[in-house]
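The values are calculated or read from the model by the stated rules, or taken from the named source; none is laboratory data. Please read these numbers as outputs of a predicted model, since none were measured by experiment. Every residue, glycine among them, receives a Cβ derived from its backbone with ideal geometry; neighbour counts consider all protein chains shown.
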Amino acid sequence: MKHRYFIRFSYDGTHYHGWQIQPNGLSVQEQMTTVMRRLFGPELELTGAGRTDSGVHATMMFAHFDTEIPIEDTAAMAAKLNYMMPRDIAVQAVLPVQPEAHARFDATSRMYEYRMSSVKDPFLRHFYTPYHGPLDLEAMNRAAAVLTEYTDFTSFSKVHTDVKTNNCCITKAIWEQRGDLLVFTIQADRFLRNMVRAIVGTMLEVGRGKMTTEEFRQVIEQKDRCAAGTSVEAKGLFLVAIAYPEAIFIR
């Protein structure tokens with residue numbers, strides 16, 4: 001009998017080519033799988049809650065894995081895995097779940113933050129994107145509110161991806177000032193590749209007075225990636241929350 005567990009962790013994505021294993025560079029999935037196979041054997045597979053692109057960070061990420069023998073002390077296992085991981089990956093918890101629970105398909109929502117700053121900080125340079133000149137925060141929030149009125153975000157999707165639909169349900173989109181940081185928070189049931197970075201890049205056009213809210217709306221309605229603005233850098237993007245139904249967890 002197999003026993004399924006969720007692992008909750010975070011990572012600094014600076015030196016990784018995203019979450020997913022790929023031939024052209026080291027990924028978070030590859031790094032974690034290599035470590036975990038030392039404990040659970042060469043058959044262990046780690047299935048993540050979704051992709052993050054090269055250079056993107058996560059303060060909260062989930063993945064699931066199966067074991068032949070149940071883990072008696074999940075807190076101790078989480079501490080052991082945390083110790084074994086490299087310095088840029090931290091494990092917070094190992095959680096028993098129902099046998100059919102799936103880290104990706106059972107997620108009901110995901111939340112990202114995009115962090116920017118006009119203040120140069122050499123100690124945080126990998127964790128925010130610099131911007132220069134004034135931005136109209138009210139105008140950007142008016143544009144952000146428009147996002148919740150639509151479901152087809154083809155205009156903000158990377159072209160030639162393998163997804164079946166470009167529909168997403170966005171439930172939250174807001175800009176706010178947090179000290180020196182300007183932060184865009186967005187929550188949805190799912191996200192397309194490059195979607196958040198393309199949305200932010202386009203809203204910056206609104207903030208600089210180069211695009212109106214109505215023109216932003218037209219970008220969405222055109223369903224054409226060429227209509228949207230340039231994607232911003234990956235280093236300012238953080239996956240910060242993933243929600244699941246309580247029923248999948250074994251208490």
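Is there a residue in the range 127-136 that is over 16 Å from the mean Cα position of the chain (by Cα) and either over 19 Å from GLN177 (Cβ atoms) or assigned by TED's automatic domain parsing to the domain that holds ARG51 (or both)?
For the range 127-136, residues over 16 Å from the mean Cα position of the chain (by Cα) and either over 19 Å from GLN177 (Cβ atoms) or assigned by TED's automatic domain parsing to the domain that holds ARG51 (or both): absent.
Within the range 99-153, work out how many residues are surrounded by 15 or more Cβ atoms within 10 Å (Cβ to Cβ) and within 30 Å of PRO70 (Cβ to Cβ).
Of the residues in the range 99-153, 8 are surrounded by 15 or more Cβ atoms within 10 Å (Cβ to Cβ) and within 30 Å of PRO70 (Cβ to Cβ).
If you take just the strands (runs of 3 or more DSSP E) that sit entirely in the range 92-198, which of them hold at least 1 residues that are acidic (Asp, Glu) and within 19 Å of HIS57 (Cα to Cα)?
Details: elements: 109-117, 170-178, 181-188.
Hits in the range 92-198: 109-117.
Enumerate the pairs (first residue in the range 139-152 and on the phi < 0 side of the Ramachandran plot; second residue anywhere and of a type in the set (Gly, Ala, Ser) and in a helix (DSSP H, G or I)) with beta-carbon separation below 7 Å, excluding pairs fewer than 6 apart on the same chain, so at least 6 apart or on different chains.
Qualifying pairs under 7 Å: ALA139/GLY207; MET140/GLY207.
Exactly one of (1) surrounded by 17 or more Cβ atoms within 10 Å (Cβ to Cβ); (2) more than 27 Å from LEU192 (Cβ to Cβ); (3) within 22 Å of the chain's Cα centre (by Cα) is unmet by ASN82. Its number?
(1)
Could you list all residues from the range 195-251 that are crowded, with 16+ Cβ neighbours inside 10 Å, modelled with pLDDT under 95 and of a type in the set (Lys, Arg)?
Residue satisfying the conditions is ARG225 alone.
Tell me, please, whether a residue that is hydrophobic (A, V, I, L, M, F, W, C), under 17 Å from LEU237 (Cα atoms) and either touching a Leu at 6+ places or on another chain (Cβ under 6 Å) or surrounded by fewer than 16 Cβ atoms within 10 Å (Cβ to Cβ) (or both) can be found in the range 50-59. Explain how you work it out, then say what you get.
The initial filter retains those residues of the range 50-59 that are hydrophobic (A, V, I, L, M, F, W, C), namely 56, 58.
Filter once more, keeping what is under 17 Å from LEU237 (Cα atoms): 56, 58.
Those still in the list that are either touching a Leu at 6+ places or on another chain (Cβ under 6 Å) or surrounded by fewer than 16 Cβ atoms within 10 Å (Cβ to Cβ) (or both) too: 56, 58.
For the range 50-59, residues hydrophobic (A, V, I, L, M, F, W, C), under 17 Å from LEU237 (Cα atoms) and either touching a Leu at 6+ places or on another chain (Cβ under 6 Å) or surrounded by fewer than 16 Cβ atoms within 10 Å (Cβ to Cβ) (or both): present.
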